[in-house]
Amino acid sequence: MSDDAFGRVLALGASGYCCTQIMVMLLLDVQGREAPDAVRAAGGLCRGFGLSEGACGILLGGCMAMGLCAAKGHDGEDAHEALEGMTTEFAEWFRERTAASGGISCGAILGDTGGGRPDFGKCHGLLLEAHAKMFEVLAAYGVDPTLVRGE
């Protein structure tokens, strides 16, 4: 993982973005663009849908970011044929990676100590690992994350 990603994750967390938003923003960074609507939408999935029992925002944000690269975005466009395979592979990796915590929920990963907010002391490393895995999965399926889909 790059020093750039390390610093970027810290900076975004310090600026108040949640894990879901950070995963989307890391993808947008490599595309060289901003998409405030996508970042706002990701904010609705923070901390497991706002509940510590919901799926972790790192997992949700990674799947959203892959969707930005491969999902259907308008009537004249088709989804990448491997989108489901990509998100499934990423989710399976995440499930294995967080198994020792007791599950994929924010509450399980944080030990329910987050108090409604991400704990970047615990989440930072997982964010960086997920960031690397997300790009690894995209590459394995031949998807270039630097390309903006539909434009």
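Brief remarks on what is shown
- When region 27-53 is filtered for residues that are closer than 24 Å to G103 by Cα and in contact with a helix residue (DSSP H, G or I) (Cβ under 7 Å, 6 or more places away or on another chain), the ones remaining, listed by number, are A42, G43, L45, C46, R47, G48, S52, E53.
- Given (1) closer than 25 Å to E34 by Cβ; (2) in a helix (DSSP H, G or I); (3) modelled with pLDDT under 90, index of the condition A130 fails: (3)
- In region 29-95, counting only helices (runs of 4 or more DSSP H) that sit wholly within it, the ones holding 3 or more residues that are free of Cβ contacts under 8 Å to residues at least 12 places away in the same chain span 36-43.
The values are calculated or read from the model by the stated rules, or taken from the named source; none is laboratory data. Since we're looking at a predicted model, the values are computed, not measured. Quick reminder, even Gly has a Cβ in these numbers, built from the backbone with ideal geometry, and neighbours come from all protein chains shown.
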